[in-house]
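A short write-up of the structure that comes next.
The values are calculated or read from the model by the stated rules, or taken from the named source; none is laboratory data. Here the structure is a predicted model, which is why all the values come from computation and not from measurement. Backbone-built Cβ (ideal geometry, glycine too); neighbour counts: all protein chains shown. Heavy atoms of the whole protein, side chains included, go into the accessibility calculation; ligands, DNA and RNA do not. Shrake-Rupley method; radii C 1.70, N 1.55, O 1.52, S 1.80 Å.
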Amino acid sequence: MRIRRSNMAAMGWPDCAKSLKGVILDLCGVLYDSGEGDGVAISGSAAAVKKLKESDLLLRFCTNETQATREKFVGKLQRLGFDISVSEVFPPAPAAIAVLKERGLRPHLLVHDGLLNEFDGVDKTNPNCVIIGDAAENFSYKNLNEAFTVLIGLANPVLFSLGQGRYYKETDGLKLDVGVYMKALEYACDLKAEVIGKPSSTFFQSVLNDMGLQPHEVLMIGDDLVNDVGGAQQCGMKGVQVRTGKYRPSDEKHPTVKADGTVDNLAQAVDMILSQRAH
């Protein structure tokens, strides 16, 4: 992945925090670890979000979460102690629905049961594309083969993937993510999926547009080096990786993506940002 650096006065981390106007946070692996029930908040993360909200920085949340509707997902985060509203959270499903309407497409869905309600108003008869999300236990041979059958039967097959992560962390360990199954369908159908979600520059730009800010004015903080940090850097933002969630020590020696900074957790990142801005 080639990285296009931001225009932010060539300042590195954490000095760049002085000229920031906004921050975008990933959710899973940064604020909390998913798992049984609502999952578990990462220590200090709720207080860190509160500090950012009390500062003069704009804050948004950018996630590839596709196991629940945005409303249910935000409700879970609120129960975990986070001050977050639906309008601040940007997941892939609403963006995918907008693309379907714009292009007159009718999807075959291979997604988690918790996400199905998001597509209630979408015409799914005689599908002419496939949407794949983090379907978890729904990634059976039968369901993957049904998606394959739809795609292989189309003259111009279109596959949308809601993110392209390789794995993510739950409280009991790492779990395969949608990107693994996306690659299987790409290989079987000899096509290239259109990714809706991180690391897509279009997806990041939609968040920046909502903030009314330019890329060089915004910092992305995430646990996924390639999709969070690398995707943000390609868009012109700075990217900082936390050593929580799916972080692996090998990330700091990645051959093509180098974070502008690496911190122990969100709490440390926020303290460093606010300390720089106090000077």
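Any residue that is buried (at least 24 other Cβ atoms within 10 Å of the Cβ) and closer than 24 Å to A136 by Cβ - is there at least one of those in the stretch 229-239?
yes
Any idea which residue in the stretch 121-141 is most open to solvent (accessible area, probe 1.4 Å), counting only those that are more than 14 Å from T69 (Cα to Cα) and touching a residue at least 60 places away in the same chain (Cβ under 8 Å)?
Top of the filtered list is A136.
In the stretch 52-71, which residues are surrounded by 18 or more Cβ atoms within 10 Å (Cβ to Cβ) and either more than 13 Å from the chain's Cα centre (by Cα) or not polar (S, T, N, Q) (or both)?
Within the stretch 52-71, L52, L57, L58, R60, F61, C62, E65, A68, T69, R70 qualify.
If you go through the stretch 157-175 one residue at a time, do you hit one that is in a strand (DSSP E or B), out of contact with any Cys (no Cβ under 7 Å at 6 or more places or on another chain) and among the aromatic types (F, W, Y)?
Yes; the residues of the stretch 157-175 include at least one that is in a strand (DSSP E or B), out of contact with any Cys (no Cβ under 7 Å at 6 or more places or on another chain) and among the aromatic types (F, W, Y).
Select, from V74, V40, V49, the only residue that is touching a residue at least 12 places away in the same chain (Cβ under 8 Å) and either open to solvent by 50 Å² or more (accessible area, probe 1.4 Å) or in the same structural domain as P157 (by TED's automatic domain parsing) (or both).
V40
Which one of L144, L116, L100, L110 is modelled with pLDDT of 95 or more and surrounded by fewer than 16 Cβ atoms within 10 Å (Cβ to Cβ)?
Sole residue among the options that is modelled with pLDDT of 95 or more and surrounded by fewer than 16 Cβ atoms within 10 Å (Cβ to Cβ): L116.
In the stretch 185-204, how many residues are part of a helix (DSSP H, G or I), surrounded by 15 or more Cβ atoms within 10 Å (Cβ to Cβ) and touching a helix residue (DSSP H, G or I) at 6+ places or on another chain (Cβ under 7 Å)?
5
Take the residues in the stretch 20-51 that are in contact with a Lys or Arg (Cβ under 9 Å, 6 or more places away or on another chain) and of a type in the set (S, T, Y); name whichever of them is nearest to V229 (Cα to Cα).
Taking the candidates together, the pick is Y32.
Would you please list the contacts, defined by Cβ atoms under 7 Å and residues six or more apart or on different chains, that run from a residue in the stretch 206-225 that is part of a loop (DSSP other than H, G, I, E, B) to a residue that is of a type in the set (S, T, N, Q)?
From the stretch 206-225, the pairs are D223/Q241; D223/T244.
Assuming E146 fulfils every condition listed in (1) touching a residue at least 24 places away in the same chain (Cβ under 8 Å); (2) assigned by TED's automatic domain parsing to the domain that holds A267; (3) not hydrophobic (A, V, I, L, M, F, W, C) apart from one, which condition is it?
Only one criterion in (1) touching a residue at least 24 places away in the same chain (Cβ under 8 Å); (2) assigned by TED's automatic domain parsing to the domain that holds A267; (3) not hydrophobic (A, V, I, L, M, F, W, C) is unmet by E146, namely (2).
Take G230 and tell me if it is within 26 Å of R277 (Cα to Cα), in a helix (DSSP H, G or I) and of a type in the set (G, A, S).
Yes: the conditions hold for G230.
For the stretch 159-181, what are the residues that are over 16 Å from G197 (Cβ atoms) and open to solvent by less than 30 Å² (accessible area, probe 1.4 Å)?
Result: G173, single match.
Would you check which residues across the stretch 111-120 are closer than 18 Å to I196 by Cα, touching a residue at least 40 places away in the same chain (Cβ under 8 Å) and not in a loop (DSSP other than H, G, I, E, B) and list them?
Those that are closer than 18 Å to I196 by Cα, touching a residue at least 40 places away in the same chain (Cβ under 8 Å) and not in a loop (DSSP other than H, G, I, E, B): L115, E118.
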